[in-house]
1. Residue separation times 0.36 nm, minus the C-alpha to C-alpha distance between Ser207 and Thr377: what's the value?
2. So what is Rg over Rh here for the range 45-107, counting just Cα atoms and using Kirkwood for Rh?
3. Could you sort the peptides 206-212, 254-260 by per-residue average Cβ neighbour count (10 Å cutoff), highest mean leading?
4. Hey, with R₀ at 30 Å, roughly what FRET efficiency would Glu327 and Thr54 work out to, going by the Cβ-Cβ distance, to 0.05?
5. Just add up the charged neighbours of Leu194: K/R +1, D/E -1, any other residue whose Cβ is under 12 Å from the Cβ of Leu194.
6. Any idea how far the Cα center of the range 162-189 sits from the one of the range 47-80, in Å?
7. Quick one: compute the contact order of the range 90-207, relative version, from alpha carbon pairs under 8 angstrom and 6+ residues apart, as a percent.
8. Taking the mean number of other Cβ atoms within 10 Å as a proxy for protection, how do you rank 139-149, 61-71 from highest to lowest?
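Quick note: the coordinates plus some simple rules give every number you see, no bench work behind them. Predicted model only: the values in this text are computed from it and were never measured. In this analysis, Cβ positions are derived from the backbone assuming ideal geometry, glycine residues included, and neighbour counts consider all displayed protein chains.
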Amino acid sequence: MPTWRRIAALCTALLTLAGCGSPQGGHRNASRGAGTSDHRTGAAWRYDYTGKNTNAAFADIAAASADDAWAIGKSPVTGWVDIHETLLFHYDGKTWRPYDLPPPLRHLDDLSSVRLDAAGPHDVWLFAGATTNPGGGRSPLAAHWDGTAWQAVDLPRDFPEVVRGVAVFGPGDVWAVDGSDTAWHWDGRHWQLLRLPGTAQALAGASGRDLWAVGFSLTREQVARPAAMHWDGRTWTKATMPSMPPGPKDDPHDGELTRVVALSAHDVRAFGTVSSEGGDSDAYSAGLALRWDGTRWSEDDGEPWVTGEAGNAIMLTPKRYMTLSGEEERITQPPCLAGRPGRLGEGGCRQKLHLKDYTAVPGTRQVWGVGSVSSSTFPSRPVIVRFTTAP
């Protein structure tokens with residue numbers, strides 16, 4: 001079956017991609033996703049941490065090692081509805097514990113686009129979409145953990161407020177893109193702005209000299225086409241992409257790539273959408289999956305609807321993932337949390353797991369997920385969960 005799959009819907013298929021965001025880190029790799037109808041059950045989410053804060057949720061997670069990880073989220077300030085405080089948690093190999101907010105992070109006010117990424121225990125980065133500084137203004141923020149303390153990293157005046165993709169390869173090799181035709185690079189001392197031959201939405205690579213940025217480029221007719229750009233350590237080059245077949249009734253349609261996963265220098269997967277507004281009867285949206293084999297980009301038989309990636313798993317939803325062998329696996333939901341309404345008696349549970357980000361637990365077959373659990377009668381509570389992937 002062609003991977004440029006068409007789904008006759010009023011762009012509602014985009015909900016799958018938007019439901020569980022994930023930062024694009026250079027060190028985070030994921031499996032291929034060959035489509036299959038074989039749904040096996042074996043894995044199960046289990047709680048690593050459940051918070052008592054109501055209407056709170058975690059937004060992002062980064063794992064430096066199997067016993068060193070960070071998670072960030074938000075919780076309403078007592079007595080206020082629209083004012084939130086930042087939750088910063090650290091994992092020491094045994095327990096997730098709250099971490100006192102360091103000065104650089106005390107003015108965070110928007111975690112909708114927060115990005116956490118790590119290249120090692122002494123090299124963790126955080127980018128926030130916007131902050132409120134003591135003077136009341138808003139500005140982007142970057143902070144670095146060196147193994148001892150979080151320190152603010154100075155940003156140029158024109159650094160973007162919202163970072164869409166991050167790739168961390170070391171303390172002196174960090175990349176960020178913001179959904180424009182520019183990329184920012186940190187060399188350990190300074191930020192450098194580089195122009196891209198297209199618009200970049202995500203980053204991933206095997207190394208700092210083998211990095212991919214994916215997004216879209218515009219034709220002369222101002223139609224968006226999927227784009228992939230490669231950094232070889234010296235220059236950004238736009239790759240040749242497979243042609244998109246015509247949409248229904250040959251209508252003009254836009255395409256873009258929103259996620260990229262680097263398994264190796266010779267195996268890179270990119271995922272995105274093809275869509276057309278059209279009229280009420282002609283509007284459609286379809287997922288697309290492409291693969292780089294070290295020589296060229298081509299259509300891939302992979303599942304195009306992807307919500308995240310972690311180690312040897314490509315997350316399709318919080319209930320399904322794809323293995324390295326291309327098999328689709330189901331993930332059993334965790335048991336009901338006690339102490340609040342939300343049960344269906346002895347036969348089931350109305351509580352739902354809402355995950356915003358995933359990451360592999362380095363050196364293991366396990367995956368961490370962060371987000372919240374809630375139901376119609378159970379206020380949202382922040383949770384960190386994990387499951388073990390198939391061998």
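1. Here the answer is 56.5 nm.
2. 0.98
3. Final packing ranking: 254-260, 206-212.
4. My answer for the efficiency is 0.20.
5. Residues close to Leu194 contribute a combined charge of 0.
6. That distance is 25 Å.
7. 17
8. Highest to lowest by the protection proxy: 61-71, 139-149.
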